[in-house]
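A quick write-up on the structure given underneath.
The values are calculated or read from the model by the stated rules, or taken from the named source; none is laboratory data. This structure is a prediction, so every number in the text was calculated from the model and none was measured. Ideal geometry is used to build each Cβ from the backbone, glycine not excepted, and the neighbour counts take in all protein chains shown. What goes into the accessible areas is simple: the full protein's heavy atoms, side chains included, and nothing from ligands, DNA or RNA. Shrake-Rupley method; radii C 1.70, N 1.55, O 1.52, S 1.80 Å.
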Amino acid sequence: MLEINQLCKSFVSGSGEKRIILDQLDLTIKPAERLAIVGPSGSGKSTLLNLIGALDTPDSGSILLDGEPVFSKSDAELAAFRNCSIGFVFQFHHLLPQFTLKENILLPALAPGRKIDNALLKRADYLMDRLDIASLQKQRPSMLSGGECQRTAVARALINSPKILLADEPTGALDQHSSDQLTELLLQLNREENVSLLVVTHATRLASRMDKIYRLTDGKLQLQ
Ligand code: ADP
Ligand code: MG
């Protein structure tokens, strides 16, 4: 479903030196597949996720989703791709403080020209139920715990029913209990929603629950 071929990305450091971060990297992600990526800090894990989510562009190589090259899309198509085909969860939730939890979840669905209809509200209610945050829906993020905020961020990432959920250290800022709870919910939703999971994590408990674990070293992925 998602196919990455010969992906290269380098950055030029402050001293003008070119550093190759991703070096002809290949990866295939199948529908509903669960993959973990591990590797030392600075090895390029976030860079890879940002490229898959089209938040950044590669130097060369291609990413195909269902056979369609992501980086040949127009700006409008790219915006729709980021919004609908891919869900993103980061280490910190990035919820907007002035909005309620439910409003935060609905925000990605508010594309220009799209109205909040009943189906969308039902989808938000369903996800809040599944993530055990329904009773908190009128609260603002500052009133919630780290785990509750992160569960809200997962609901927000899933509101448009993406094909792939990218999670960059999703449990990195959570205590063990909240981390275990989030891990279980991600796995349940992966099965129920048929969404592929690509998780960057230092947490062995989370990584060990995935179908495959890759280590990013020298710009390439090695199956563990
Ligand atoms: P990881 O997520 O594995 O810790 P990153 O993908 O964040 O690693 O970063 C990989 C390397 O690329 C790091 O050395 C980082 O400093 C560098 N890097 C990342 N983004 C940029 C950028 N926008 N400009 C310059 N260097 C960057
Ligand atoms: Mg990172």
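Observations
- Beta bridges by DSSP in the stretch 2-223, antiparallel share as percent, to the nearest 5: 55 percent
- The chain, accessible surface, carbon-and-sulfur percent (1.4 angstrom probe): 50 percent
- Average Cα contact separation per residue, the stretch 2-223, under 8 Å, 6 or more apart, as relative contact order %: 31 percent
- With a cut-off of 13 Å between beta carbons, the residues surrounding Asp218 carry a summed charge of +2, where Lys and Arg count +1 and Asp and Glu -1.
- Most mobile listed residue (Gly14, Gly172, Gly147) in the chain, GNM with C-alpha springs under 10 Å: Gly14
- Probe 1.4 Å, accessible area per residue of the stretch 2-223, Å²: 48 Å²
- Helix 176-193 and the long axis of the chain differ in direction by around 90°, with both axes built from C-alpha atoms.
- Along the chain, longest interval not containing exposed chymotrypsin sites (Phe, Trp or Tyr not before Pro), exposed being DSSP loop plus at most 16 other Cβ atoms within 10 Å: 100-224
- Angle between the chain longest axis and helix 118-130 axis [Cα atoms, degrees, rounded to 10]: 80 degrees
- DSSP-defined antiparallel bridges as percent of all bridges, the stretch 133-224, nearest 5: 45 percent
- The chain: angle of helix 146-158 to the longest principal axis, Cα-based, in degrees nearest 10: 80 degrees
- Exposed trypsin sites (Lys or Arg not before Pro) absent: longest stretch of the chain, with sites in DSSP loops and at most 12 other Cβ within 10 Å deemed exposed: 1-113
- The stretch 79-112 and the stretch 140-161 have Cα centres lying 9 Å from one another.
- Solvent-accessible area of Val12, all protein chains in place: 100 Å² (probe radius 1.4 Å, heavy atoms, ligands and nucleic acids excluded).
- Global geometry of the stretch 96-147, whether rounded, prolate or oblate, following the gyration tensor of its Cα atoms and the 1.5 cut on a/c: oblate
- Taking every Cα-Cα distance in the stretch 60-115 and sorting them into 5 Å bins from zero, the calculated P(r) comes out as 4, 14, 21, 21, 17, 13, 7, 3, 0 percent.
- Prolate/oblate/rounded call for the stretch 124-185, Cα gyration tensor, a/c under 1.5 rounded: oblate
- Over all other residues within a Cβ to Cβ distance under 13 Å of Asn190, the charged ones net out to +1, with Lys and Arg as +1 and Asp and Glu as -1.
- Here the stretch 2-223 is treated as an ellipsoid with the same Cα gyration tensor; its semi-axes, largest first and in whole Å, are 29, 20, 16.
- Choice from Ser13, Ser72, Ser46 showing the highest fluctuation, given a GNM over the chain with Cα pairs closer than 10 Å: Ser13
- Summing +1 for each Lys or Arg and -1 for each Asp or Glu among the other residues whose beta-carbon sits under 9 angstrom from that of Met1 gives -1.
- Residue of Leu95, Leu110, Leu22 that the Gaussian network model of the chain assigns the largest fluctuation, springs spanning Cα pairs under 10 Å: Leu110
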